[in-house]
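Notes to accompany the following structure.
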Amino acid sequence: MKKVNNLQVQLDEDLKEKLQYLYPQYSDHRVTRKSIDARKGKSVSEIYSVEVYENGETPLDKEFELKKITTKERPIIVGTGPCGLFAALRLAERGVPSTILERGHQAKERVLKINRFWRYGELDSNSNVCFGEGGAGLYSDGKLITRIRSEHIQYVLNRLVQFGAPKEIEYLANPHVGSDKIRRLIPKIRQRLLDLGCTFHFNTRVDSLIIENGNVCGVTDQNNNTYKSHFVVLATGHSAQDIFDHLKEIDVDMEGKSFAVGLRVEHPQEMINKIQFRESANHPKLGAANYKLTRHDHESGVGVYSFCMCPGGYVLSSGTDPDSIVCNGMSNFHRNSKFANSGIVVSIDHETFFGNDKFGGIKLRKQIETKAYKAVVQAGGTKEIPVQSAKAFIHGEISKSLPSSSPSGVTPARLDEVLPQEISRALRIGLMDFERKMPGFIGNNAQLHGVESRTSCPLRITRSKETLESTSHPGLYPAGEGAGYAGGITSAAVDGINVAEVIVEKLASRTHSSL
């Protein structure tokens, strides 16, 4: 087997034919990475890393053999987002079934709740774009890009493929599943967990932790039902404000964390294709183009950057409170919407903005989300997303709304006044810089949607680096985005696996009595 890196394949070439030409003894191949090279001054091409097999050899799929243990302990997992589901899956595959609690509905029922919210403004506070089976990742582009390095990444991708994700996610430079496919594979993960002995409790909101002798040993739900375990994995996501409030009440160690806020910009996808792919814009091998833009102010340290770019996608209303408006982006697998959208956000350094107020980021998030809602109501709207053209935002003017992909509709508003002045100022500078990099970015077809405030959690629930337990409450395992230890589907899933592994190690090293 030969490893070939950075193999350039022109759009009118075929990879297999090129490999057969380059390697006369060619038998088969496995793609390990694929990306698009669309740099200016060059023709658009595909770049591959491949394993080439000769003399009749064929690639074998990688197996993940996991050693099982025997225990009577059943960990509790709170939340069924990527972190909670993969923590449960890893534990179950190691021989440790868990009890899984979710405040919202199963995926099928959850979709119906969300559709009613978008169409009629009927918000279910426990089953919405952020809460319910699949977590916030159920309504996203299904991006699997991550900047972390972990031996567990390939395990996550492998399992997703087993449950129905496209095989290509294992090698694409920018892998994504798509919201439509995620909705179909989440129930398969649930069934696998049930087959391995796990139990699920949906429509079960955890209201409090049970603490005995300083240790967390279970949870209580909204109906005062109790669930006991020496291991409580808290994977509730970045929007579970009620959980943060409870943790504050019982003095769980937390700290403020830097994050980012801003708006979501939308353009016609055809325009983005032409900017990025130029004369190759309509080539069938390319599909919908994406982009990544950044600007860093070295004097202030403030960054402005594109976030969660969704080619061929939709802008979604994704709030969790009736008096707030939040937006997010989503794409289906084929990315065939006529629009492209991306968050354009400003970095918020916690210490600079909030000093010693660990909850400063949470307060700011609520403030701008509430202002966005009030701006819509003042404009005569109800459930719509507030919008402003990019040019009007820069000049501080109201503008007429443009066509939008949002299923909730849109209402014109002064988004430059919804955001704090310093954030609006940074966004103006960033948008003008992005116009220089991508001419047309703030042209007549660019519309901003508000507000992009749930990029990550503004809090971190501190935990031990060795045991991954809360630094103040042993037995509590904060995990994933809501705990401040992940920033996307893959990193959240990996963090869930990390927590699962330390629990397995602890169970294997000593005997625990059942509670």
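Points worth noting:
- Against the numbered list (1) in contact with a Ser or Thr (Cβ under 6 Å, 6 or more places away or on another chain); (2) not in a loop (DSSP other than H, G, I, E, B), GLU57 comes up short only at (2).
- Scanning segment 20-50 for residues that are within 26 Å of ILE153 (Cβ to Cβ) and either in contact with a helix residue (DSSP H, G or I) (Cβ under 9 Å, 6 or more places away or on another chain) or part of a helix (DSSP H, G or I) (or both) yields HIS29, VAL31, THR32, LYS34, ILE36, ALA38, GLU46, TYR48, VAL50.
- Those helices (runs of 4 or more DSSP H) lying entirely in segment 68-174 with at least 2 residues more than 28 Å from GLU505 (Cβ to Cβ), among the basic types (Lys, Arg) and in contact with a Ser or Thr (Cβ under 6 Å, 6 or more places away or on another chain): 107-120
- Residue tally, condition at pLDDT 95 or above and either closer than 14 Å to PRO407 by Cβ or of a type in the set (Phe, Trp, Tyr) (or both), over segment 129-138: 1
- Of the residues ALA508, ALA426, ALA486, the single one that is touching a residue at least 60 places away in the same chain (Cβ under 8 Å), assigned to a helix (DSSP H, G or I) and crowded, with 22+ Cβ neighbours inside 10 Å is ALA426.
- In segment 249-271, of all residues being of a type in the set (Val, Ile, Thr) and buried (at least 16 other Cβ atoms within 10 Å of the Cβ), the one that is farthest from the chain's Cα centre (by Cα) corresponds to VAL252.
- Which numbered condition ASP349 misses (of (1) under 26 Å from LEU123 (Cα atoms); (2) at pLDDT 95 or above): (1)
- In segment 61-81 there is no residue that is within 26 Å of ASP141 (Cα to Cα) and at pLDDT below 95.
Listed here are the residues, each with its yes/no results for (1) in the same structural domain as ILE272 (by TED's automatic domain parsing); (2) more than 22 Å from MET254 (Cβ to Cβ); (3) of a type in the set (S, T, N, Q).
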residue: ARG436; (1), (2), (3): yes, yes, no
residue: PRO439; (1), (2), (3): yes, yes, no
residue: ASN444; (1), (2), (3): yes, yes, yes
residue: THR471; (1), (2), (3): no, no, yes
residue: ALA479; (1), (2), (3): no, no, no
residue: TYR485; (1), (2), (3): no, no, no
residue: GLY488; (1), (2), (3): no, no, no
residue: ALA493; (1), (2), (3): no, yes, no
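- Close Cβ contacts (under 6 Å, 6 or more residues apart or on different chains) running from residues in segment 103-118 that are in contact (Cβ under 8 Å) with a residue 60 or more places away in the chain to residues that are part of a helix (DSSP H, G or I) comprise GLY104/ARG110; ALA107/ARG183; ALA107/ILE186; ALA107/PRO187.
- Count of residues meeting criterion [buried (at least 18 other Cβ atoms within 10 Å of the Cβ) and either of a type in the set (Lys, Arg) or under 30 Å from ALA240 (Cα atoms) (or both)] in segment 429-455: 9
- In segment 157-170, the count of residues that are under 30 Å from GLU65 (Cβ atoms), modelled with pLDDT under 90 and touching a strand residue (DSSP E or B) at 6+ places or on another chain (Cβ under 8 Å) is zero.
- Just one of the listed residues (ILE423, ILE489) is at pLDDT below 95, in contact with a Gly (Cβ under 8 Å, 6 or more places away or on another chain) and of a type in the set (Val, Ile, Thr), and it is ILE489.
- Scope segment 217-248; condition over 28 Å from the mean Cα position of the chain (by Cα) and of a type in the set (D, E, K, R); matching residues: LYS228
The values are calculated or read from the model by the stated rules, or taken from the named source; none is laboratory data. Bear in mind that the values here come from a model prediction, so they are computed numbers and not experimental data. With ideal geometry, Cβ positions are generated from the backbone for all residues, glycine too; neighbour counts draw on all protein chains shown.
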